[in-house]
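Notes follow once the structure below has been shown.
The values are calculated or read from the model by the stated rules, or taken from the named source; none is laboratory data. Since this is a predicted model, take the numbers as computed values, not measurements. Glycine also receives a Cβ, built like all others from the backbone with ideal geometry; neighbour counts cover every protein chain displayed.
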Amino acid sequence: MAQRVSEWVRGQEWRRTGSWLLATALVALVGFYALRALLADSQAPVRLIIYAFSTQEGMLTDGMLPAFEQDWEAETGRALEIESVFGASGTLAGQINLGAPADVALLSTAEHVDWLRVGRRVRADTRPSIVGCTPMVIVTRPGNPWNIADFSSLGQDGPQLIHSDPRTSGAGQWSILAVYGSALLETGDAAAARARLGAAWDNVRLLAPSARAAMTLFELGAGDALVTYEQDALLAQQRGVALEIVTPRRTIVARHAAVIVDDNVTRAERPAAQALLDYLASDAGLQILAAHHMRPPACQGEGWAALVAPFSVDELGGWSSAYEELVKGLWQTEIAPGLNLEPAPQLPEVGE
């Protein structure tokens, strides 16, 4: 009997030992494959998808992104693949909210970043990075035949204006704030500001979905003038477009916003996405922005035309207030229904 008990105990010990060995082997096997997968992932190229508003296509594709890819690969030893999508800022924000796979968004207004917060694509506590600064200016035909001197000149009888559509374009929204704000801050009179904006829009004949599309219409010979970013006007001038640039004495300065799309970016992609935002604000990034006619965030400085009386969106109550009152309220409900527009010509693809 004692011998049987002893044999049974030895059998139980062997089963426990065998089970432990089997469990250890399984853990080791799982760890091996997990490590191999981790190593393989660490060697795979990082992929980022960037959504950016239309006027930044050249700056990003020809300058910023190639330089950043080279810097990232030199620092980390990992390859980086970036895909870019360009279009009107408001359109892009809407697409991202509907599920477009952007990892990073460069949008023309902070309001469009708020749209991503409302859509829960960006966390409520995420703060965008400010990307450069550019004042809103007026582009005219050579010789400035209508003697346009500032935003009040846009309301005179005669000139036909092209305008970026405020429903889709950040430039269109910045333009509304520029024209309205120039009068409000000059006179302190909201009625005078509304009148200046309304008079300018009485002369708008063509709407374009983005700033780049509006400039393309101008290049093709449409219209006498348009309001756009200084950066876009200088880029067009650099391309050889015949135009003159009028910088109103009192104009708004547009600051753009870059943000990581938290709902899309993966753990593997986030370090590269954050590094891109950091690079945009670095000395190297600012030099690339300057080479593409984007001012530094302060908007003034050596080498840039002086601005006499610039103002910011904060002086109009901030983006949320200005958008609701001036874009969604005044323009969309009172001005837009009475527009006298001509049929827009068909355009080639221009980054939309």
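Structure data summary
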| item | result |
| --- | --- |
| Conditions (1) in contact with a helix residue (DSSP H, G or I) (Cβ under 9 Å, 6 or more places away or on another chain); (2) surrounded by 20 or more Cβ atoms within 10 Å (Cβ to Cβ); (3) under 20 Å from L116 (Cβ atoms); number of the one not met by I288 | (3) |
| Qualifying positions in the stretch 112-139 - surrounded by 23 or more Cβ atoms within 10 Å (Cβ to Cβ) and charged (D, E, K, R) | R121 |
| Test: residue in the stretch 84-92 that is buried (at least 21 other Cβ atoms within 10 Å of the Cβ) and closer than 18 Å to A272 by Cα | no |
| Some residue of the stretch 236-256 being on the phi > 0 side of the Ramachandran plot, in the same structural domain as Y180 (by TED's automatic domain parsing) and not basic (K, R) | yes |
| Extreme residue, farthest from G90 (Cα to Cα), among residues of the stretch 300-341 that are surrounded by 13 or more Cβ atoms within 10 Å (Cβ to Cβ) and among the polar types (S, T, N, Q) | Q300 |
| Residue satisfying condition, being charged (D, E, K, R), in a helix (DSSP H, G or I) and touching a helix residue (DSSP H, G or I) at 6+ places or on another chain (Cβ under 6 Å), within set E73, E111 | E111 |
| Output for the stretch 181-226, where each listed residue is among the β-branched types (V, I, T) and more than 25 Å from the chain's Cα centre (by Cα) | T187, V204 |
| Subset of the stretch 159-201 (residues that are surrounded by fewer than 17 Cβ atoms within 10 Å (Cβ to Cβ) and touching a Lys or Arg at 6+ places or on another chain (Cβ under 8 Å)) | Q160, L185 |
| Selection count where residues are under 18 Å from S89 (Cα atoms) and assigned to a helix (DSSP H, G or I), scope the stretch 210-232 | 9 |
| D262 vs. criteria in a loop (DSSP other than H, G, I, E, B), over 16 Å from F151 (Cα atoms) and not assigned by TED's automatic domain parsing to the domain that holds L185 | yes |
| Failed item in (1) of a type in the set (A, V, I, L, M); (2) under 20 Å from A102 (Cβ atoms); (3) assigned to a loop (DSSP other than H, G, I, E, B), with A257 passing the rest | (3) |
| Inter-residue pairs, beta-carbon under 9 Å, first over 17 Å from S108 (Cα atoms) and in the stretch 310-330, second loosely packed, with under 15 Cβ neighbours inside 10 Å and at pLDDT below 95, 6+ apart | P310/Q300 |
| Which listed residue is closer than 30 Å to R47 by Cβ and either in contact (Cβ under 8 Å) with a residue 60 or more places away in the chain or not hydroxyl-bearing (S, T, Y) (or both), from A291, A305 | A291 |
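For (1) under 13 Å from C133 (Cβ atoms); (2) touching a strand residue (DSSP E or B) at 6+ places or on another chain (Cβ under 7 Å); (3) at pLDDT below 95, each residue gets a yes or a no:
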position	(1), (2), (3)
A213	no, no, no
T216	no, no, no
L226	no, yes, no
A242	no, no, no
A257	yes, yes, no
A275	no, no, no
L286	yes, no, no
L289	yes, yes, no
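Rundown of residues vs (1) surrounded by 19 or more Cβ atoms within 10 Å (Cβ to Cβ); (2) in contact with a Pro (Cβ under 6 Å, 6 or more places away or on another chain), yes/no style:
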| site | (1), (2) |
| --- | --- |
| E219 | no, no |
| D224 | yes, yes |
| E230 | yes, yes |
| Q238 | no, no |
| P248 | yes, no |
| A273 | yes, no |
